[in-house]
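Asks: Provided herewith is a single structure, encoded as structure tokens, for subsequent inquiry.
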Amino acid sequence: MDYQYREIEQRWQKFWAANQTYRASNQSSKPKYYVLDMFPYPSGAGLHVGHPLGYIASDIFSRYKRLKGFNVLHPMGYDSFGLPAEQYAIQTGQHPAITTEANINRYREQLDNLGFSFDWSREVRTSDPDYYRWTQWIFMQLFNSWYNVSTDKAESVTQLMAHFSAKGSAGIKAVSDEDVLSFTADEWNALTEEQQQTELLKYRLAYLKESTVNWCPALGTVLANDEVKDGFSERGGHPVVQKKMMQWSMRITAYAERLLQGLESIDWPEPLKEMQRNWIGKSVGASVKFEVESLKDFIEVFTTRVDTIFGASFLVLAPEHEWVTQLATPEQEKEVKAYIEQTQKKSELDRMADTKTVSGAFTGAYAVHPFTGNPVPIWIADYVLAGYGTGAVMGVPSGDQRDWLFAKHFDLPIVPISDAQKDLDQQADPTKEGRYINSDFINGLNYQDAVNALIFKLEQKGQGKAKVNYRLRDAIFGRQRYWGEPVPVYFKNGLPYLIDEKELPLLLPEVDKYLPTESGEPPLGRATDWKYQQQYEYELSTMPGWAGSSWYWYRYMDAQNQGVFASKEAIAYWKDVDLYIGGSEHATGHLLYSRFWNKFLKDLGVVEVEEPFKKLINQGMIQGRSNFVYRLIDEEGRGTNTFVSYGLKDQYKTVAIHVDVNIVEQDILDLEKFKTFRPDFAHAEFILENGKYICGHEVEKMSKSKFNVVNPDDMVERYGADTLRLYEMFLGPLEQSKPWNTNGIEGVFKFLRKFWRLFHDEQLNFVVSEEAPSKAELKSLHKIIKKVEEDIDRFSFNTSVSSFMICVNELTDLKCTKRQILEPLTIVLSAYAPHITEELWSLLGHQPGSISYAAYPIFNPDHLVEDEFAYPVSVNGKMRMNLNLPLSLDLADIEAAVLANEDVQRYLEGKTPKKVIVVKGRIVNLVV
RNA sequence: GCCUGGGUGGUGGAACUGGUAGACACGCAGGACUUAAAAUCCUGUUCGCCUUAAAGCGAGUGCGGGUUCGAUUCCCGCCCCAGGUACCA
């Protein structure tokens, strides 16, 4: 029988499902291996051909690891809370749960079509109450915890309260809000319940606070920093404004240093680590206090270059700085107010775009330089950001280009501070080389000594200290939306309290509409009879999209557990994710939050590891490849019914129109299908070249409107899942982005047919011989065993596919029909093309389904040893020739043989080589 | 600007620690089989020169240098592309 891929694939997919072939056990004598894909948001559009790329790679890896004797956990689920389902619900009134369910079913069908070895018994859905009760549970733990700097971990708020009532706030070093109080035990105990709770809120890792948030009016919700790109929402591209609001936040900043340090221990792509480093944005420097006599207070600045302090000729505050209005002298008040107004008018975007023009205003006030005692003028300018550091900087024009520009513009002094600085009339020179000048007690010192001396003196005077600053901000956690996890909190006297753990899950209530209420409350405000213990208001915002995805890999370990998010035993067994595959777009969102929650859970003692994802691979994006037809336009510029082929289009007036890529093959248009593509094309006429209509093409994002979406189902229908799997890998390196192009898929399809034919005679009857294999056959087999092992280890799946093709071509040439060759080859290929190999495996007489756990054939290097080697020999690296010599000779004999060779003699021109270059036991070059 | 990748035939891409550049596949050209088509198979395919042919010669991995017997690979300088990021003090 010929290769009937549809029948074969459907049969085995059914078999695997019915027999739960890929069900993983939490107990095994085998070593564990956990392969995880970033779970998808089930959108209404279904999967396109780019989505499965990572899933195919992880599936190959999982299958390979199973063959290698590992107990593999390879689960899949859905990140099923999210905006599109809610927006659809707003438009249609249909409950998001219903659309989500329908989308999931569609996704599942498409995934099943591709023959993945997922353990579906562990499926999770973040919108499932059985799942989100544990998301809520984790939130409760965060609410109940504070970050103890002394022990460098999260600890229980209950213990913190005990400490407060026994010893007061003394001895507590915490990551907390800035406005925490100092108090004795007695003072604490005298506080009312409300006062205590208010104070504790400043310590909790999940806390409620009035803060400036990114408010997106179009979406009616706040967004986290990573959900905002250039002043617009990442989803939908709506404008985002800054607004003060009472909001739930996560104290991720407590973990900044651990999140940074942890990157050193994990095997992730460097660009991605770099993105996280930048996002955390650690800078080491000092904070320095400048006294302001008029205020009888200090302005604190942060600097990474405290060594330049003697060059500080002015201070600059952000226009939003809280002291600006008090500082402004009566003479300067007008100017300052005008400047503040001017900056307020500028949108975030304008401010970012306009970084060239220097602007600012003098407040009229002066600060005192901590060392020289000289007056330092205080300015305001919008190049200083309120949200970073202290919102104030010292201006050192000789060492910082922005300060230099500012000084030039406003004619402030530029004081050189190092003998190595040059061209200060042209630009700032931030060099750390040289010795200090004009710098009092650090004159003549080098950089490091100067910094040490300055910090020492500052600390002595109480006017500064070494300080580390992070760019990372606490993450806003509340969303004014319906389709998310309810926050398990109720309010009493305006203060938040956790609901009883026994009440979990706190179910999402039914509402009549999915819009905010008339009074501007989130959609949950519409729920009737929704009160805690019939009297207390629940929190009305829901959790953000990243809540459910920040711990889901643990739920897979023990997905059915009703008593705990995952049992201690399951967590102890699976520990962490060995391989995580997904897109790099989650670098500063999901991947950072997950690491944060994981570290918190580690502090809590409920998980075992500090870092959840040991190795991470970013699969590249698959872009669309759009095709175009060129429609002739008449004098009035209207489209006619005639279409010109790509090569001839320049001779006519045409307009390019997207054409469905599914009716184009090798850029050649299927004319009949085109006529049915759109009704007005029914009577289309064509101007052809060489009898064909050639389409133009362009790489664009894959989207419906561009008619360049390729559905994996269509590919499976036409070529089979095995071909699609191999082809997606063959397309190029996994981590590289590339346009989808169906042009080469035939080659992969041909390969599978050839492979199938190896097992069949000319009448297409299944037949294998029991004869002993030949040397050449064994060589071919062992080459592929080795190659695939090496390739998989370095995630080079594309070269494996090429090697399979070479192997099958060799065996076809050898007319190999031997079981001892074909059987191991089938095992090796089964990771890539599971269906065809499963079919052949069972035709070979094995138990159905058993190939997935067959032993990977053992590579024997002896089979690759050659008796003869084609020596590439060159003289002076110039000429090259191949000499076939037996390998059994020793080096001296080989040298003699090489020298005796006629061609070599000719090129040596009678000279004797001065040097003989030997590489890996082979002579490769003679130097005359 | 800075950070991180990358630049190889008509195309996708190989070449793992410096050792025969262009594997494998697509496409293209030619051929075999067939009444024909599909399918399959074979040959050629970096560019240039030379030759009836076999063969041979020269150039060649973004550009310019360098190290080396030998460089797609290492070093220096530059150009271009992609992703990230930014008045972050």
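The values are calculated or read from the model by the stated rules, or taken from the named source; none is laboratory data. None of these values were measured; they are calculated from a predicted model. Using ideal geometry, Cβ is built from the backbone for each residue, glycine included, and neighbour counts are taken over all protein chains shown. Heavy atoms of the whole protein, side chains included, go into the accessibility calculation; ligands, DNA and RNA do not. Shrake-Rupley method; radii C 1.70, N 1.55, O 1.52, S 1.80 Å.
Asks: As an exercise, identify the trypsin sites (Lys or Arg not before Pro) in region A:676-766 lying in DSSP coil whose Cβ has no more than 15 other Cβ atoms within 10 Å.
Replies: Answer in residue order: A:LYS701.
Asks: With runs of 4+ DSSP H residues as the only contributors, calculate the mean residue ellipticity of chain A at 222 nm using -39,500 (n - 2.57) per run, divided by the residue total and rounded to the nearest 500.
Replies: So the calculated ellipticity at 222 nm is -10000 deg cm²/dmol.
Asks: Sticking with this one: What base-10 log of the normalised intensity I(q)/I(0) is obtained for chain A from the Debye formula, alpha carbons as equal point scatterers, at q = 0.08, 0.09, 0.10 Å⁻¹?
Replies: Each listed q corresponds, in turn, to -1.00, -1.15, -1.25.
Asks: Could I ask something else about it? Nearest 10 degrees, 0 to 90: what angle lies between the long axis of helix A:819-830 and the longest principal axis of chain A (Cα atoms)?
Replies: Orientation of helix A:819-830: about 30 degrees from the principal axis.
Asks: Right, something else. Could you tell me whether region A:563-682 comes out rounded, prolate or oblate from its Cα gyration tensor? Rule is a ≥ b ≥ c as square roots of the eigenvalues, rounded for a/c under 1.5, then prolate if a/b exceeds b/c, otherwise oblate.
Replies: Note, shape of region A:563-682 comes out prolate.
Asks: Can I ask one more? What number comes out for accessible area per residue over region A:159-275 if the probe is 1.4 Å? Units Å², please.
Replies: 48 Å²
Asks: Taking every pair of Cα atoms in region A:1-151, average 1/r, invert it to obtain the Kirkwood radius, and report Rg/Rh to two decimals.
Replies: 1.06
Asks: Taking every pair of alpha-carbon atoms in region A:164-210, what share in percent sits in each 5 Å bin, from 0 to the bin with the longest distance?
Replies: Computed distribution, short to long bins: 5, 22, 33, 26, 13, 2.
Asks: Additional query: Can you give the three extents of the C-alpha atoms in region A:609-742 along their principal axes, from longest to shortest, in whole Å?
Replies: 71, 29, 27
Asks: Another question, if that's okay. Could you give me the radius of gyration and the Dmax of region A:538-592, taking only the C-alpha atoms into account and expressing both in angstrom?
Replies: Both quantities, over Cα of region A:538-592: 13.8, 40 Å.
Asks: Then there is this: Taking every pair of distinct Cα atoms and averaging 1/r, then inverting, what Kirkwood hydrodynamic radius in Å comes out for region A:697-794?
Replies: 16.7 Å
Asks: Using only Cα atoms, find the angle between the long axis of helix A:270-280 and the longest principal axis of chain A, and express it within 0 to 90 degrees, rounded to the nearest 10.
Replies: Between helix and principal axis, roughly 10 degrees.
Asks: Would you list which lysines come within 24 Å of A:LYS754, measuring only between C-alpha atoms, while excluding same-chain residues fewer than 8 positions from it?
Replies: Those lysines meeting the cut-off are A:LYS775, A:LYS779, A:LYS783, A:LYS786, A:LYS787, A:LYS815, A:LYS818.
Asks: Here is a follow-up. Can you pull the percent of chain A's accessible area that's carbon plus sulfur, 1.4 Å probe, other chains left in place?
Replies: 50 percent
Asks: I'm a student and want to see the number: the projected area of the Cα convex hull of region A:349-452, averaged over all directions, in nm².
Replies: Answer in nm², one decimal: 7.6.
Asks: Taking the square root of 5 times each eigenvalue of the Cα gyration tensor, what semi-axes in Å does the equivalent ellipsoid of region A:177-310 have, largest first?
Replies: In descending order the semi-axes read 30, 26, 20 Å.
Asks: To the nearest 20 debye, what charge dipole does chain A have about its Cα centre, counting +1 at the Cβ of each Lys and Arg and -1 at the Cβ of each Asp and Glu?
Replies: Approximately 1120 debye in magnitude.
Asks: Quick one: of A:LYS32/A:LYS65; A:LYS568/A:LYS602; A:LYS273/A:LYS614; A:LYS32/A:LYS568; A:LYS30/A:LYS568; A:LYS68/A:LYS273, which pairs are farther than 21 Å apart, Cα to Cα?
Replies: Those over the limit are A:LYS68/A:LYS273.
Asks: Skip the ligands, DNA and RNA, and give the accessible area per residue of region A:607-755 with a 1.4 Å probe, whole Å².
Replies: With all protein chains present, region A:607-755 gives 48 Å² per residue.
Asks: On to the next question. Accessible area per residue for region A:1-115 in Å², computed with a 1.4 Å probe and the full protein assembly in place, what is it?
Replies: 38 Å²
Asks: Taking a cut-off of 17 Å between Cα atoms, list the lysines near A:LYS467, but don't count ones fewer than 8 places away on the same chain.
Replies: A:LYS173, A:LYS282, A:LYS289, A:LYS457
Asks: What residues from region A:626-652 fall in the zone where the backbone N is under 16 Å from a label point 7 Å along the Cα-to-C-beta line of A:PHE686?
Replies: A:627-632, A:641-649
Asks: By how many degrees, between 0 and 90 and to the nearest 10, does the Cα long axis of helix A:52-67 differ from the longest principal axis of chain A?
Replies: Taking the Cα atoms of chain A, the angle to A:52-67 is about 70 degrees.
Asks: Going 7 Å from the Cα of A:VAL767 along its beta-carbon direction, which residues of region A:1-36 have the amide nitrogen within less than 12 Å of the resulting point?
Replies: No residue qualifies, since no backbone N sits under 12 Å from the label point.
Asks: Report the Cα centroid-to-centroid distance between region A:61-102 and region A:309-336 in angstrom, as an integer.
Replies: 53 Å
Asks: With a 1.4 Å probe and every protein chain left in place, tell me how much accessible area A:LYS787 has, in Å² to the nearest 10.
Replies: Number for this one is 50 Å².
Asks: Taking R0 as 56 Å, what's the FRET efficiency between A:GLN847 and A:ALA896 from their Cβ-Cβ distance, rounded to 0.05?
Replies: Using R0 = 56 Å, I get an efficiency of 0.45.
Asks: How much net charge surrounds A:GLY464 when only other residues with a Cβ under 9 Å from its Cβ are counted (Lys, Arg +1; Asp, Glu -1)?
Replies: Combined, the nearby Lys, Arg, Asp and Glu give +3.
Asks: Which of the aspartates and glutamates could be linked to A:LYS209 by a straight reach, that is with a Cα gap under 19 Å, when you skip same-chain ones fewer than 8 residues away?
Replies: A:ASP177, A:GLU178, A:ASP179, A:GLU193, A:GLU194, A:GLU199, A:GLU322, A:ASP474, A:GLU521, A:GLU537, A:GLU539
Asks: A follow-up question, please. What whole number of Å gives the distance from the Cα centroid of region A:571-590 to the Cα centroid of region A:174-211?
Replies: 35 Å
Asks: Roughly how far apart, in whole Å, are the Cα centres of region A:638-698 and region A:396-461?
Replies: Using only Cα atoms to place each centre, the spacing works out to 67 Å.
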